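Single-structure report; data block below.
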Amino acid sequence: MNCCKMRIPLLVILAAFLAVGCQQNERSVKELNAYFDLDSLLDEQAAVLYDRGAQVQKKVVMDGETEQRTFVPDTAEWKSELAIIRDFNINKPYFVGSFKLVREGDVLKHEATSENVDITRFELFYEGDALVRIESFLDEEKYIYSNKRKLTLTFESGLLSSYQIVGYQKMILQEEVDYEISGSISVK
């Protein structure tokens, strides 16, 4: 009987401990979402575009050579197609405190305040409450290479309608490589 009396307070203490732990976990999740979460947006867009049977007309231009392809991505292809865009996500734990938010009319700008981040600017363009465009600039400078890219995502009626990445990469002892990756998305 004493054993059962002892278990009840231990269960109450354990339940209280778990409740406090869950509240702290919710706070840490909120802190991780300090900035716009591009990864979540891309996951949501990929799911909706897949469900609607969206078609992509993709074009890659690298040093003057062009390759084009039209396809209807499955879920794995959407993940692959949007992977390079995820490099522009500013909502990473180690970026917290590295950007200042500036609102200019319908544009919300995240401007880098730290030299330790590769993304220098991340801008959201709205028409009313609707997100219509995202632009972001990435500038990587390493010992053996430099890489500059500009991302543009456009949205129509809440869906991703096109994407473009324009940039260059320069490696030590090699020529600069200019490239452009673009995709136009149409939904049935």
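All of Val96, Val117, Val102 fail the test of being in contact with a Ser or Thr (Cβ under 7 Å, 6 or more places away or on another chain) and surrounded by fewer than 18 Cβ atoms within 10 Å (Cβ to Cβ), apart from Val117.
Residues that are assigned to a strand (DSSP E or B) and among the aliphatic types (A, V, I, L, M) were ranked within the stretch 40-70; the one that is nearest to Asp178 (Cα to Cα) is Met62. I'd like to check something: does the stretch 76-87 contain any residue that is at pLDDT below 95 and more than 19 Å from the chain's Cα centre (by Cα)? No, the stretch 76-87 has no match at all.
Looking only at the stretch 164-188, filter to residues that are part of a loop (DSSP other than H, G, I, E, B) and β-branched (Val, Ile, Thr); which one of those is farthest from the chain's Cα centre (by Cα)? Ranking the candidates gives Ile172 first. The single condition among (1) over 18 Å from Ile181 (Cα atoms); (2) without any contact (Cβ under 8 Å) to a residue 60 or more places away in the chain; (3) aliphatic (A, V, I, L, M); (4) not in a helix (DSSP H, G or I) that Leu124 does not satisfy is (2). Here Glu81 meets the list (1) in a helix (DSSP H, G or I); (2) on the phi > 0 side of the Ramachandran plot almost entirely, failing just condition (2).
The values are calculated or read from the model by the stated rules, or taken from the named source; none is laboratory data. Predicted model only: the values in this text are computed from it and were never measured. Counting neighbours? That spans all protein chains shown, and the Cβs are built from the backbone with ideal geometry, glycine included.
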